[in-house]
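Below: one structure, written as structure tokens.
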Amino acid sequence: MSSKKKHKKRQDTDIRSQPSSARREVVNIQIPEGISFSFRYYQDDKEKFSIAGRDARYLASVFRRLRDLSQLKAQEIINNQSKSLRCHGIVWLDTTEPNGFGIPNEAALVNVPYQFQISANEYGRVHGFFSENVFYIVWLDPDHNLYS
């Protein structure tokens, strides 16, 4: 009887040990510049900033607007004078929410609150703030309820 040793198959994760057909080329892809959107601080618990009951056209318009704006840098959006965008800072004392967004650590997080419109007066506004090239969406305001 021959003595055969049982060898466990070695699980080597080193890419150099894999056959060349299994290796994937590492490609450095240049990520285009532009802003990103985050829903980390999104609030849908206030009735006046709720999108409950909105149809698919509304959501499609929101996503198209976010997609299109993601091609721009934060300063390009803030300084844009287009009437179709109407991005500007929010002055809380002039609004229906004089205490701001009401998010934890707001004073440290929010330098300037901003709003921009989704489309020319049809679908309301998006309210939030920039942190570098990320726009944090806090409220969707389909009925223009931030200002009375």
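Using the charge dipole of the stretch 30-141 (Lys, Arg: +1 at Cβ; Asp, Glu: -1 at Cβ; taken about the Cα centre), state which of Ile51, Ile35, Gln71 has its Cα farthest towards the positive end.
Result: Gln71, furthest along the dipole toward the positive end.
Once you sort the root eigenvalues of the Cα gyration tensor of the stretch 30-141 as a ≥ b ≥ c, which label holds: rounded (a/c under 1.5), prolate (a/b larger than b/c) or oblate (the other case)?
Numbers: a/c = 1.43, a/b = 1.09, b/c = 1.32.
Judged from the Cα gyration tensor, the stretch 30-141 comes out rounded (a/c under 1.5).
Please arrange Ser50, Ser148 by how many other C-beta atoms lie within 10 Å of their C-beta, fewest to most.
Details: Ser50 17, Ser148 7.
Fewest to most other Cβ atoms nearby, the residues stand as Ser148, Ser50.
Between Ser70 and Asp45, what length comes free when the chain is fully extended (0.36 nm per residue of separation minus the Cα-Cα distance, one decimal in nm)?
Details: separation 25, 0.36 × 25 = 9.00 nm, distance 2.61 nm.
Fully extending the segment from Ser70 to Asp45 adds 6.4 nm.
Please list, in chain and number order, the residues 5+ apart from Ser131 or on another chain whose amide H is under 5 Å from its amide H, with Hs placed from the backbone.
Correct list: Tyr136.
Report the gain in length on full extension from Val27 to Asn133: 0.36 nm times residue separation, minus Cα-Cα distance, nm rounded to one decimal. Please list the in-between numbers first.
Working: separation 106, 0.36 × 106 = 38.16 nm, distance 2.44 nm.
Result: 35.7 nm gained on full extension.
Hey, got the dipole for the stretch 37-148? About the Cα centre, +1 on K and R Cβ, -1 on D and E Cβ, debye to the nearest 20? All intermediate terms of the calculation are to be shown ahead of the outcome.
Working: 12 positive and 13 negative charges, 77 e Å.
Rounded to the nearest 20 debye, it is 360 debye.
Would you mind putting 107-114, 40-47 in packing order, based on average other-beta-carbon counts within 10 Å, highest first? Before the final figure, lay out the partial values.
Details: 107-114: 13.9, 40-47: 12.4.
Going by the mean number of other Cβ atoms within 10 Å, highest first, we get 107-114, 40-47.
Going by Cα centres, the stretch 57-95 and the stretch 97-126 are how many Å apart?
Comparing the Cα centres of the stretch 57-95 and the stretch 97-126, I get a distance of 11 Å.
Whole-Hz Karplus ³J(HN,Hα) for the stretch 138-148, in order, using 6.51 cos²θ - 1.76 cosθ + 1.60 and θ = phi - 60°, x for Gly and Pro?
9, 10, 9, 10, x, 10, 6, 8, 5, 10, 7
A short reminder: the numbers here are calculations on the coordinates, not readings from a lab. These numbers were taken from a predicted model, which means no experiment stands behind them. Positions of Cβ are backbone-derived with ideal geometry, glycine not excepted, and every protein chain shown enters the neighbour counts.
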